[in-house]
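The structure appears right after this line, and notes come after that.
What follows is calculated from the coordinates using simple rules that are stated; it is not laboratory data. Please read these numbers as outputs of a predicted model, since none were measured by experiment. No Cβ is skipped: glycine too gets one built from the backbone with ideal geometry, and neighbour counts run over all protein chains shown.
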């Protein structure tokens with residue numbers, strides 16, 4: 001029961017923000033133009049700053065290199081599998097990139113660290129923070145590739161590479177890695193400003209997602225949504241956590257990997273899909289439904305892990 005309450009305490013605040021955005025739209029406090037302008041601002045300013053801060057603040061302690069390698073290789077392997085499978089089951093290019101991103105990209109920054117710290121109160125959970133430095137850049141690069149490849153028109157490798165390099169989320173991640181590795185001292189007013197801007201990103205992204213969401217449009221994406229939710233919350237974590245257990249990962253390391261592969265779809269996947277020509281309706285619906293259903297799946301994974309003394 002404690003684990004279910006823990007999951008609800010993480011998920012419910014996200015839904016409150018989305019609900020407020022939904023109501024604001026229905027009460028005509030926002031129009032379509034405002035929603036798109038604000039989503040563009042989130043994508044180009046607030047989310048890059050948040051990613052930069054999460055990475056630069058991650059710790060580098062006495063962590064087993066194995067879990068670091070497993071997470072990185074696992075994320076890449078998952079995306080490669082999705083690049084092979086999704087085109088076989090979906091014909092619409094605007095949905096293909098979104099589906100790959102929906103299954104491959106977890107809400108690690110918002111979900112991972114608090115969940116691991118709550119499962120292991122008082123224990124060394126620095127691995128949860130450290131994994132930010134590899135998962136977030138990988139999620140961003142691989143998601144940009146997926147959305148660019150299936151954006152439509154003739155595939156231009158040069159253009160795809162240019163769009164990857166100039167993507168605001170990639171730039172934010174790179175700056176964060178540079179600051180993490182160089183330990184460059186920043187003036188207090190700069191770190192405070194970065195922190196203030198970063199705090200805006202997730203609440204505003206969730207608020208605007210709620211404003212964009214329309215229940216009446218869920219039916220048209222029912223098949224794709226079912227595939228994405230099951231792939232994200234059930235199949236992916238079952239495969240990679242089984243492999244992680246077989247390789248001997250336990251405790252905070254295993255819990256961190258559970259979030260890498262089994263957390264709901266990242267909030268910023270909706271904003272990225274909208275800005276890069278993907279099916280924004282499907283992307284938004286995946287965030288909402290995966291977040292809701294993850295309260296059940298995460299609870300079951302934590303319960304099973306504790307039952308078998310893996311946590």
Rounded to two decimal places and with Rh computed the Kirkwood way over Cα pairs, what is Rg over Rh for the stretch 63-102?
1.18
Between the alpha carbon centres of the stretch 184-207 and the stretch 259-311 the gap in Å comes to 24 Å
On the formula 1/(1 + (r/R0)^6), with r taken between the Cβ atoms of residue 242 and residue 196 and R0 of 30 Å, the FRET efficiency rounded to 0.05 is 0.10
Peptides 289-301, 240-252: what's the order by average Cβ count within 10 Å, highest mean first?
289-301, 240-252
Would you work out the relative contact order for the chain, in percent, from Cα pairs under 8 angstrom that are 6 or more residues apart?
34 percent
Potential extension, residue 178-residue 89 segment - 0.36 nm per residue separation minus Cα distance
28.1 nm
Kindly identify the stretch 12-105 as rounded, prolate or oblate by the Cα gyration tensor criterion: order the square roots of the eigenvalues as a ≥ b ≥ c, call it rounded if a/c is under 1.5, otherwise compare a/b with b/c, prolate if a/b is larger, else oblate.
oblate
Mean residue ellipticity at 222 nm from the helices of the chain, using -39,500 (n - 2.57) per DSSP H segment of n ≥ 4 over the full residue count, to the nearest 500 deg cm²/dmol?
-24500 deg cm²/dmol
P(r), alpha carbons of the stretch 174-261 - 5 Å bins starting at zero, rounded %
3, 10, 10, 10, 12, 15, 16, 13, 8, 2, 0
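If packing is taken as the average count of other Cβ atoms within 10 Å, what order do 130-142, 182-194, 253-265 fall into, highest mean first?
The densest-packed peptide leads the list: 253-265, 130-142, 182-194.
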Shape descriptor, the chain: equivalent ellipsoid semi-axes (Cα gyration tensor, sqrt 5λ, whole Å, largest first) stand at 27, 23, 21
Largest first and in whole Å, what are the equivalent-ellipsoid semi-axes of the stretch 206-311 based on the Cα gyration tensor, each being the root of 5 times an eigenvalue?
30, 13, 12
